[in-house]
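First up is the structure itself, then whatever we jot down about it.
Computed from the coordinates by the stated procedures, all read-outs in this text should not be read as laboratory data. Keep in mind it's a predicted model, so treat the numbers as computed, not measured. Methodologically, a virtual Cβ is constructed for each residue, glycine included, from the backbone with ideal geometry; neighbour enumeration extends over all protein chains shown.
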Amino acid sequence: MAGSRKAAATLPTIPVGPGEDPWTNEELDEVRTELEDEVGRLQKKVAQAEAELRELLTEGADVAGRDPADIGSTNFERDQGVSLAASARELLDQSVQALRLFDDGQYGVCEICGGPIGKGRLQAFPRATMCVACKQKSERR
Ligand SMILES: [Zn+2]
């Protein structure tokens, strides 16, 4: 039975958490589309954050004869710009990675413990690559 169904389906089999229904093709499509959208959104965000950062760095380089308070606020803006660009880049990397896993048929498997991430969690956070338990452990570190 499983064999005949597999031949027709091109979409990967993604594990679900305990008590969850198996993924339907529509749900898989949705989560993949969501990931693609996310990658597109984040690419724009990263490009924007990096462009702003370059601007700040250019401004920051020209500090001769400027008010120290002014330089201080430029440094603050630059630090904020650095962390904004870095966090956007990190989210983008996660989304790209999740999309790659999806296409490799490895999506939905926790990268730490190898258990199912769970359908509900992936529908809420399509770029999740860890199950809730492992995610919480990694954040506590
Ligand atoms: Zn895990």
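Annotations for the structure displayed:
- What you get for the chain, charging only the Cβ of Lys and Arg (+1) and of Asp and Glu (-1), is a dipole of about 660 debye around the Cα centre.
- Helix 25-61 vs. the chain, principal-axis angle (Cα, 0 to 90°, nearest 10): 10
- Neighbour counts of C-beta atoms inside 10 Å place Ser73, Ser95, Ser87 in the sequence Ser73, Ser87, Ser95, starting with the fewest.
- Entry note: the stretch 21-134 has Rg to Rh equal to 1.19, where both radii use alpha-carbon atoms and Rh is the Kirkwood radius.
- Taking the charge dipole of the stretch 20-105 about its Cα centre, with +1 at Lys and Arg Cβ atoms and -1 at Asp and Glu Cβ atoms, the residue from Ala98, Gly81, Thr58 reaching farthest to the positive side is Thr58.
- Taking other C-beta atoms within 10 Å as the exposure proxy, Arg89, Arg54, Arg127 rank Arg54, Arg89, Arg127 from fewest upward.
- Seen against the Cα atoms of the chain and their longest principal axis, helix 68-104 is set at about 20 degrees.
- Packing-based exposure ordering (other Cβ within 10 Å, fewest first) of Glu38, Glu27: Glu27, Glu38
- Mean separation of Cα contacts under 8 Å (6+ apart) over length of the chain, as relative contact order %: 32
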